[in-house]
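Just below is one structure, and these are the notes that go with it.
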Amino acid sequence: MTHAIRAEGLTKRFKGTVALKGIDLEVPQGTVLGLLGPNGAGKTTAVRIFATLLLPDGGRAEVGGYEVVSQARQVRSLIGLTGQFSAVDDNMTGTENLVMIGRLLGMPRPEARARSADLLRRFHLEDAAGRAVKTYSGGMRRRLDLAASLVGRPRILFLDEPTTGLDPHSRGEVWGMLRDLVSEGMTTLLTTQYLDEADRLSDNIVVVDQGTVIAQGTPDELKTQVGGQVLNVRPVAAADLARVRALVAEEAGQQTAIEDHRVIAPVASETLMPRVVRRLDDAGIAVGELTLRRSSLDEVFLALTGHKAQADDPATSDDDYASTGSPS
């Protein structure tokens, strides 16, 4: 299988901080890779190296078959990039923003205007095309950012925290746009703080922590290999919650948690549930919910890293780079 993105032993240092410590990853053509990790893991650093915005200190990276340092111009002709922060001009209209990007990419004005109109229509922004971007909602602005990254018809798209700060409805709109792009065969590398987003959009996931890859696989593989199943127990009486937690902890032999008036515990043995049922019955505790479910990607992430997912890489969070169809 041909790989659109490949890294071998990729390293990067910032003064006294090692952001990447020999990252290896591969992204097959026409797939979505979710690159996940806690703050400071090196996600944004890796994206910036792939996008030729940052030079690596060691290792090798290829995008579209081209080496990102010695063949940076060829790489730039193939990629689109949407960073963590909106880079469109608030005082210009949607049309003016996209036409400007097209002209910067060397398109004749008629072609740039036609491409702008096509993208605004595709991203359901045609009714707002003549309005200043400062009047757009957060979701509309993010859709315009995505449209801006596609002006140059890229084959490979880098999305760094594309829906950070959006409300659930706007996130859903962006997800729909991304699914359409993927269905057309575009290769995408996605970093996100929303693990449900990675779960729904990614074909494969690479988890990095402290600059190294600590796990990789499909979302289902990671849930099976790392998370397994989870037991949920919700007592009828809230006053019994602490007793239930202590009882489940004794049987599970692992860390338990309380979430939304339920006790949650990882399942290491298929006999756990019947044992807990007997203990609850012996204790006379009435239960309103007792279920087994697969681990969520959030729980897998927490088990792998010891952290919850959060936005931004501290080492690079001050780098507000542009969303462009082909950075030059």
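Could you tell me what percent of the DSSP beta bridges with both partners in segment 150-286 are antiparallel, to the nearest 5?
Working: 13 of 18 bridges.
The antiparallel fraction comes to roughly 70 percent.
So what are the ³J(HN,Hα) numbers for segment 257-270, from phi and the Karplus equation (6.51, -1.76, 1.60; θ = phi - 60°), rounded to whole Hz, Gly and Pro as x?
9, 10, 8, 6, 6, 10, 8, 10, 9, x, 9, 9, 9, 5
Please report the antiparallel percentage of DSSP beta bridges with both residues in the chain, rounded to the nearest 5. Display every interim value, and only then the final one.
Working: 38 of 55 bridges.
If I count the DSSP bridges inside the chain, around 70 percent turn out antiparallel.
In square angstrom, what is the accessible area per residue of the chain with a 1.4 angstrom probe? Walk me through the numbers on the way to the answer.
Details: 14830 Å² over 328 residues.
With all protein chains present, the chain gives 45 Å² per residue.
Determine, for each peptide in 119-130, 32-43, the mean count of other beta carbons within 10 angstrom over its residues, then list the peptides with the highest first. Could the numbers behind the result be given before it?
Values: 119-130: 17.2, 32-43: 24.7.
Answer by packing, highest mean first, reads 32-43, 119-130.
Please compute one quarter of the surface area of the Cα convex hull for the chain and express it in square nanometres. All intermediate terms of the calculation are to be shown ahead of the outcome.
Numbers: hull surface 77.1 nm².
If you wrap the Cα atoms of the chain in a convex hull and average its projections, you get 19.3 nm².
If you put +1 on each Lys and Arg Cβ and -1 on each Asp and Glu Cβ, how big is the dipole of the chain around its Cα centre, in Debye rounded to 20? It would help to have the intermediate numbers written out before the result.
Numbers: 37 positive and 43 negative charges, 133 e Å.
Dipole of the chain, to the nearest 20 debye: 640 debye.
Using only helices, what value at 222 nm comes out for the chain when you add -39,500 (n - 2.57) per DSSP H run of length 4 or more and divide by the total residues, to the nearest 500 deg cm²/dmol?
On the way: 11 runs with 110 residues, N = 328.
Only helices count here, giving -10000 deg cm²/dmol.
In what sequence, highest mean first, do 186-192, 13-19, 102-108, 196-202 appear when ranked by Cβ atoms within 10 angstrom? Show your work: numbers first, answer last.
Working: 186-192: 24.9, 13-19: 13.7, 102-108: 16.1, 196-202: 19.7.
So the peptides 186-192, 13-19, 102-108, 196-202, ranked by packing, come out 186-192, 196-202, 102-108, 13-19.
The values are calculated or read from the model by the stated rules, or taken from the named source; none is laboratory data. Since the structure is predicted, the reported quantities are computational estimates derived from the model, not experimental observations. Note: ideal-geometry Cβ built from the backbone for every residue, glycine included; neighbour counts use all protein chains shown. When the accessible area is computed, the model is the full protein with side chains, heavy atoms only, and any ligands, DNA or RNA have been set aside. Shrake-Rupley method; radii C 1.70, N 1.55, O 1.52, S 1.80 Å.
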